[in-house]
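The values are calculated or read from the model by the stated rules, or taken from the named source; none is laboratory data. What you see is a predicted model; the values in this text were computed from it and never measured. Please note: Cβ atoms are built from the backbone with ideal geometry, for glycine as well, and neighbour counts cover all protein chains shown.
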Ligand code: SF4
């Protein structure tokens with residue numbers, strides 16, 4: 001039996017970003033941001049479609065100039081997902097974005113500071129039933145708070161910034177709110193979100209800001225967001241990577257699927273790290289398999305294993321897998337050998353059987369193998385015995401190395 005852990009989630013209010021619920025027990029959503037000029041609505045829409053295809057639920061576009069607001073007016077009716085307008089410095093852009101029909105605003109309390117401006121935007125958003133994200137950013141904190149906390153960005157200062165903004169919203173009876181307290185420092189953002197979660201029940205948008213390019217950026221963002229998600233904190237997430245935003249959407253989706261917080265959409269490819277027993281270049285086969293599956297929506301776990309000695313056993317919980325033998329691949333379904341294929345057909349065979357299982361189920365796949373499975377089992381046993389004979393129990397030659405080390409003493 002596969003062990004699955006579900007993380008109890010913090011109870012939050014629910015808001016609707018267009019037709020996508022955020023908070024209140026709704027599935028955690030993935031967000032990303034376009035990098036095109038919003039005024040160039042065709043290019044922006046193209047990117048929004050690519051993001052939606054990669055698993056993005058909500059997309060943010062900058063609204064930094066009047067032309068961007070005009071672009072939003074053309075983008076919103078054609079977008080497959082709800083659109084958030086990102087506003088900095090100029091409250092007028094927020095009003096224009098609302099006019100353009102956006103489904104949510106993001107305001108930075110650090111750079112839209114006049115209470116009358118904040119309240120005016122909140123009133124307009126309230127009239128249209130449009131939520132606002134209070135997007136506190138460690139790098140652009142309100143100068144007064146910065147001074148108050150000794151010239152340092154602290155979790156307390158970030159939380160205070162969010163609470164100050166909520167008070168302005170309260171004054172006009174607006175509470176369609178989600179909040180983020182992002183920082184580029186992972187320990188800082190973790191602590192800020194923890195403190196925020198203690199004092200509010202508004203839904204939270206998680207992120208490590210300016211995380212950098214992958215893979216280190218992905219790692220940083222994952223460290224911050226996964227820690228919080230495992231504590232039940234977070235209702236929507238964004239990876240801020242210096243990369244094609246499609247990478248952000250994919251990473252977001254994968255993180256949630258990995259934590260069991262969203263249903264699997266694509267292949268979950270597991271593969272062994274390879275070792276001295278491997279009969280094939282596992283890295284190449286695994287990468288080829290990833291590329292061959294691409295964006296196909298096949299929610300199965302598929303294994304690529306370097307040898308038939310340990311591969312099928314270690315990957316017995318996978319829906320489907322292939323283990324390398326002597327210049328051939330041993331295909332197995334739910335741990336049972338079903339077929340043997342030449343090495344250069346391993347990847348194509350995996351894809352074909354994954355599609356079959358996705359369509360007809362694992363039982364039908366085992367049924368399909370009724371005439372090949374006995375021979376497949378025998379062939380696997382042959383290759384297993386040969387591997388053990390050739391390489392023995394010490395496939396990585398550890399004993400020989402140890403003997404060498406001892407000789408050196
Ligand atoms: S023993 Fe086989 S399955 Fe395990 S790491 Fe080595 S090659 Fe891969």
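Scanning segment 135-150 for residues that are without any contact (Cβ under 8 Å) to a residue 60 or more places away in the chain and within 21 Å of residue 210 (Cα to Cα), we see that the one that is surrounded by the fewest Cβ atoms within 10 Å (Cβ to Cβ) is 143.
This table checks each residue for (1) out of contact with any helix residue (DSSP H, G or I) (no Cβ under 7 Å at 6 or more places or on another chain); (2) within 16 Å of the ligand (Cβ to nearest atom); (3) under 18 Å from residue 215 (Cβ atoms).
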position: 249; (1), (2), (3): no, no, yes
position: 261; (1), (2), (3): no, no, no
position: 275; (1), (2), (3): yes, yes, no
position: 283; (1), (2), (3): yes, yes, yes
position: 292; (1), (2), (3): no, no, no
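In segment 317-330, of all residues being surrounded by 19 or more Cβ atoms within 10 Å (Cβ to Cβ) and part of a loop (DSSP other than H, G, I, E, B), the one that is farthest from the ligand (Cβ to nearest atom) corresponds to 319. If you go through segment 276-316 and keep only what is under 23 Å from the mean Cα position of the chain (by Cα) and either in contact (Cβ under 8 Å) with a residue 60 or more places away in the chain or in a helix (DSSP H, G or I) (or both), you end up with 283, 286, 287, 288, 289, 290, 291, 292, 293, 295, 298. Screening residue 76 against (1) crowded, with 24+ Cβ neighbours inside 10 Å; (2) in contact with a strand residue (DSSP E or B) (Cβ under 6 Å, 6 or more places away or on another chain); (3) over 24 Å from residue 243 (Cβ atoms) leaves a single unmet condition, (1). Tell me, please, whether a residue that is within 16 Å of the ligand (Cβ to nearest atom), within 36 Å of the chain's Cα centre (by Cα) and in contact (Cβ under 8 Å) with a residue 60 or more places away in the chain can be found in segment 378-386. Within segment 378-386, not a single residue is within 16 Å of the ligand (Cβ to nearest atom), within 36 Å of the chain's Cα centre (by Cα) and in contact (Cβ under 8 Å) with a residue 60 or more places away in the chain. For segment 189-197, state whether one or more residues are in the same structural domain as residue 134 (by TED's automatic domain parsing), under 15 Å from residue 30 (Cα atoms) and touching a strand residue (DSSP E or B) at 6+ places or on another chain (Cβ under 6 Å). No, because not a single residue in segment 189-197 is in the same structural domain as residue 134 (by TED's automatic domain parsing), under 15 Å from residue 30 (Cα atoms) and touching a strand residue (DSSP E or B) at 6+ places or on another chain (Cβ under 6 Å). Looking at residue 310, is it assigned by TED's automatic domain parsing to the domain that holds residue 285 and buried (at least 17 other Cβ atoms within 10 Å of the Cβ)? Criteria met by residue 310.
Yes/no matrix, rows are residues, columns are (1) outside the structural domain of residue 230 (by TED's automatic domain parsing); (2) surrounded by fewer than 20 Cβ atoms within 10 Å (Cβ to Cβ); (3) at pLDDT 90 or above:
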site: 277; (1), (2), (3): yes, no, no
site: 283; (1), (2), (3): yes, yes, yes
site: 290; (1), (2), (3): yes, yes, yes
site: 334; (1), (2), (3): yes, yes, yes
site: 353; (1), (2), (3): yes, no, yes
site: 362; (1), (2), (3): yes, yes, yes
site: 371; (1), (2), (3): yes, yes, yes
